[in-house]
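Participant: To start, I am sharing the structure in question, which I have written as structure tokens.
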Amino acid sequence: MMQHTLVASPHAHAPVSIARSMRLVMLALVPATLLGLWQFGWPAILLFSVTLAAALLFEAAALLLAGKPMRPSLMDGSALLTGWLLALTLPPWAPWWIGVLGALIAIVVGKQVFGGLGQNLFNPAMVARVALLISFPLEMTQWVAPQPLFSQQAPGLLAAFGISLHGIAPPWDVLSGASILGDLAMEVQQGVDLTNMAPSLFPAVNAAFGSIPGSLGETSAILLLLGGLFLIRKRVIDWVIPTAVLLGVLVPATLLHWLDPVRFVGPLIHLTAGATVLTAFFIATDPVTSPVSRAGQLVFGAGIGLLIYLIRTFGAYPEGAAFAVLLMNAATPMIDHYLKPRVFGRDRRGRPLPVAEDAAKERG
Amino acid sequence: MRLFRIQGGVHPEDRKGLAAGRPIEPLPMPQLLHIPLQQHIGAIANPLVQRRQHVAKGERIAHAQGPVSAPIHAPTSGRIVGLGLYPANHPSGLSVRTITLQPDGKDRWHRRIEGVGDPFALDAAEVAKRVADAGIVGMGGATFPAAVKLGLGQRYTLTTLVINGSECEPYLTCDDQLMREEPDAILDGVRIMAHALGVTRVIIGIEGNKPEAIGAISRAAAQFDQIEVATLPMRYPMGSEKHLVKTLTGRETPARGLTADIGVVVHNPATAFAVHEALRFGRPLTSRVVSVTGGAINKPRNLRVPIGTKVEDLIEHCGRFREEPQRLIAGGPMMGQPLPELRVPVMKGTNGILALTAAEVGGQTPGPCIRCGSCVTACPCGLVPLTMAAQVRAGNLDAAASAGLMDCIGCGSCAYVCPAHLPLVQFFSHAKGELAARGRAKQKQSATKRLAEQRAQRLEAQKRAKREAMARRKREAEAKQKAEAGANTERLPKAGDSANAQALAEAG
């Protein structure tokens, strides 16, 4: 018979859940990921698998240590997604232990020590990426030109194990090179006139479709953009943060490029190179570490975009997305404190709105 | 007409198709009616009848107590067979004073049931009095005595009467159907209310998912210049009084205030219908339209139900359950309350009985808050539910209160969209109840303290008085003694003298 237990309203629920959101985000990442795995071949597939498996294992181990129920947390897909996002930001031919160590940092240090899902201040995948970048600058900046799976130059499975175990050693080292943003930074340092350099160095069309050297899953701006739009359409993410991030990058890029095209590259390069699109749609939109109000999200996104541009253009690192995200993560509690929505019937400062002068007869 | 935006809100699947368009059907008179004496906000009504007494339909069987209360009338003719406690239509399942009436099947009206020829000739106070005497309460579910709201014109300068035909709760169709079938009666009630309030403007707001109701009401309203009909966007909680007023007039009611503060009074179409019945025909409120619906109900229907009918009888009439319901709800799915059992009676505020399947409820085990902010976007009051929930869970109720807990209208939009399936409304209801209890305890404490201090003062005063009285008596006694002693000494020395003299004489 019916339940006699007391249940609070509402007695209906939107068809949403944490697991559904995570699943949809992973689904949105599939095209860009498949492209990355295909064009960087077996070493990338190995790195990707190891990173995801390690993320799940560390999550399970941490839950075991904390004495928390394992099933609900493992099944919600959050650890898998963290591992996935981390893997996408790694150099595709990085050794296996980079993935494992990254997963350890992301899951244990980045998330579980704070108390698990929902409690962490910083984006776990970005914590791991930055820690790896600072600790292992060599392994984290070895880029390779795309060598599509089964193409002539691509390493086979056996060779891939070799790369994964020992790093990019001869004969594979001939394939390595700098990323676009790395190249650009160097050119600027050497005082090369970018108006001559940039177009040849940087075919934006290639960057949009992904056939450029770069991180495992960051190379195709178009596929990432499509994934992001899919998430907005499915209402998994809101449009505010991605738009703000993109504008944060594009507005200063356009402005400075217009002022001085010799020293500053144009907005198209900033949009398609590096982690701009991945960050805008998949990293900055991490619900846990972003502000909760619309206004806060606007500030947060614009801050990330601006910091990305500043670090790329004036900083020591050619790419600054991870740093930008972490810095704005740190500002999130403050943003949430100051940028709250206005309460209905109250002014911005929380005082009740004035009563219409003519309304209350008694109060005059 | 121009509408104004409100923030937040959600778009739940409306599921009105189940019962929409089903004509209002009178429920056959049940065997017994259990008429609770507490069906309204305010003081419980006081019974006027005794066991075994015969009553006619519309006869007053309980009268209002105090300024905010409502009388109760016999829904049909019959015999009073009980006057005691009966389970209330309230999630607590506690019992409430209830009159049990056994219908005699004749449904004979009381002889003094009589309407007014021209309600517009009556003054505001007289209309309000008749509405009060008819036991009319807000029929949208709030059950606030309607006459009190009609009397607001005495204390506020009112400009606008808003009729809340939004019926924004999913599933419910009782107002929709009433507006389709009785547009002229509703309009008449609306005009009587506007007359009583002394307003010049009337806006009837109806959500766009009720085109037939909009059509019927618009046709009926066409002949009255002062009455506008507005098609409202379909968004929950459009029917929240203050949000509706904002949407229609652009004016925002101050926090903790009344819509009357901005010159607006809101009533429900079913209330307007009841006012029409009461003024034109003298019929008190003894029945109402109830939507019996939900995926688990065999034949969803809109029924005109005598007050006091058991929920069981309604469900029986609707062909019982198609499948075992997971939840039985009084009211809509967003703000309705679980029914403790099927024996409980329909009251003046019962607008729907829902039998929901597990799939419709969509419940899941709550997970951790991932701070996604869905609740912030959904909240029509501009609150940050996730912060308030965290504060309530940590037991920090004062922080939750200063974060706006008391501005929460409990609409459930936040919980509806929460991907972690957190029972946010539960947290907030708990905190509001706890804070109210604390407030009462504090009041009690201060009252106790005051009384104790007064007692101590009183005792002290008594003691002092006693001491003073004693001291006075002592002084008096002493004085008396002294006086006596004085008299004695006057006498005694004489005696002594004489004694001495005697002694001396003897010795001498």
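Just so you know, all these numbers are worked out from the coordinates, no wet-lab data involved. Keep in mind it's a predicted model, so treat the numbers as computed, not measured. Positions of Cβ are generated from backbone atoms using ideal geometry, with glycine treated the same way; all protein chains shown enter the neighbour counts.
Participant: By the 4.7 Å beta carbon criterion, which cysteine residues of chain B come out unpaired?
Facilitator: B:C168, B:C174, B:C318, B:C369, B:C372, B:C379, B:C381, B:C408, B:C411, B:C418
Participant: For segment B:82-157 and segment A:90-130, what is the centre-to-centre distance using only Cα atoms, to the nearest Å?
Facilitator: 65 Å
Participant: Stick to Cα atoms and the Kirkwood definition of Rh, then tell me Rg/Rh for segment B:16-352.
Facilitator: 0.95
Participant: Find, to one decimal place in angstroms, the Kirkwood hydrodynamic radius of segment B:87-179, where the mean of 1/r is taken over every pair of different Cα atoms and then inverted.
Facilitator: Averaging 1/r across every pair of different Cα atoms and inverting gives 17.1 Å.
Participant: Based on a Kirkwood Rh over C-alpha pairs, give the Stokes-Einstein translational diffusion coefficient of segment A:17-177 at 10 °C and viscosity 1.306 mPa s in µm²/s.
Facilitator: The diffusion coefficient I find is 99 µm²/s.
Participant: In addition: Test of understanding: ordering B:I315, B:I192 by Cβ neighbours within 10 Å, fewest first, what list do you get?
Facilitator: Listed from fewest to most nearby Cβ atoms, that is B:I315, B:I192.
Participant: Kindly provide the helix-only [θ] at 222 nm of chain B, computed as the sum of -39,500 (n - 2.57) over DSSP H runs of four or more divided by all residues, to the nearest 500 deg cm²/dmol?
Facilitator: -12000 deg cm²/dmol
Participant: Hey, another quick one. Compute the distance in nm between two label points, each set 7 Å from the Cα along the Cα-to-Cβ direction, one at A:R263 and one at B:R343.
Facilitator: 8.7 nm
Participant: Using Cα pairs closer than 8 Å and at least 6 residues apart in sequence, work out the relative contact order for segment A:257-323, in percent.
Facilitator: Contact order relative to length: 25 percent.
Participant: Determine the shielding of peptide B:404-415 by partner chains: average, over its residues, the number of Cβ atoms on other chains within 10 angstrom of each Cβ.
Facilitator: 3
Participant: If you don't mind, another one. Per residue of B:362-370, count partner chain C-beta atoms within 10 Å of its C-beta, then hand back the mean as an integer.
Facilitator: Shielding by partners across B:362-370 averages 6.
Participant: Give the peptides A:278-286, A:11-19 in descending order of average Cβ contacts within 10 Å, highest first.
Facilitator: Output ranking for A:278-286, A:11-19: A:278-286, A:11-19.
Participant: Let me ask something else. Can you tell me which lysines have their Cα less than 21 Å from the Cα of A:K68? Leave out same-chain residues fewer than eight positions away.
Facilitator: Excluding near neighbours in sequence, the set is A:K111.
Participant: Follow-up question, since we're still on this one. Taking amide H atoms as placed 1.01 Å from N in the peptide plane, list the residues 5 or more away in sequence, or in a different chain, whose amide H sits under 5 Å from that of B:R108.
Facilitator: So B:R108 has HN proximity to B:K57, B:S77.
Participant: Sticking with this one: By average Cβ neighbour count within 10 Å, what is the ranking of B:376-384, B:393-401, B:474-482, B:269-277 from highest down?
Facilitator: Packing proxy ranking, top to bottom: B:269-277, B:376-384, B:393-401, B:474-482.
Participant: With θ set to phi - 60°, apply the Karplus curve 6.51 cos²θ - 1.76 cosθ + 1.60 along segment B:379-385 and write out the HN-Hα couplings as whole Hz, x wherever there is a Gly or Pro.
Facilitator: 5, x, 9, x, 9, 10, x
Participant: Treating only the Cβ atoms of Lys and Arg (+1) and Asp and Glu (-1) as charged, compute the dipole magnitude of the protein assembly as shown about its Cα centre; round to the nearest 20 debye.
Facilitator: Dipole size: approximately 3740 debye.
Participant: Are there any trypsin sites (Lys or Arg not before Pro) in segment B:19-109 that are in a DSSP loop and have at most 14 other Cβ atoms within 10 Å? List them by number.
Facilitator: For trypsin sites (Lys or Arg not before Pro) across segment B:19-109 that sit outside H, G, I, E and B with at most 14 neighbouring Cβ atoms in 10 Å, the list reads B:R51, B:R52, B:K106.
Participant: Starting from the Cα gyration tensor of the protein assembly as shown, take the square roots of the eigenvalues, sort them a ≥ b ≥ c, and report rounded, prolate or oblate (rounded when a/c is under 1.5, otherwise prolate if a/b is larger than b/c, else oblate).
Facilitator: Cα axes put the protein assembly as shown in the oblate bin.
Participant: Separate question: Between B:A452 and A:A61, what FRET efficiency comes out of the Förster formula 1/(1 + (r/R0)^6) with R0 = 60 Å and r the beta carbon distance, rounded to 0.05?
Facilitator: With a Förster radius of 60 Å, E is 0.50.
Participant: Calculate the mean, over all residues of peptide B:334-344, of how many other protein chain Cβ atoms lie within 10 angstrom of the residue's Cβ.
Facilitator: 3
Participant: Which trypsin sites (Lys or Arg not before Pro) does segment B:1-39 hold that lie in a coil by DSSP with at most 10 other beta carbons within 10 Å?
Facilitator: Here the trypsin sites (Lys or Arg not before Pro) that fit, given the DSSP loop and packing criteria, are B:R2, B:R5.
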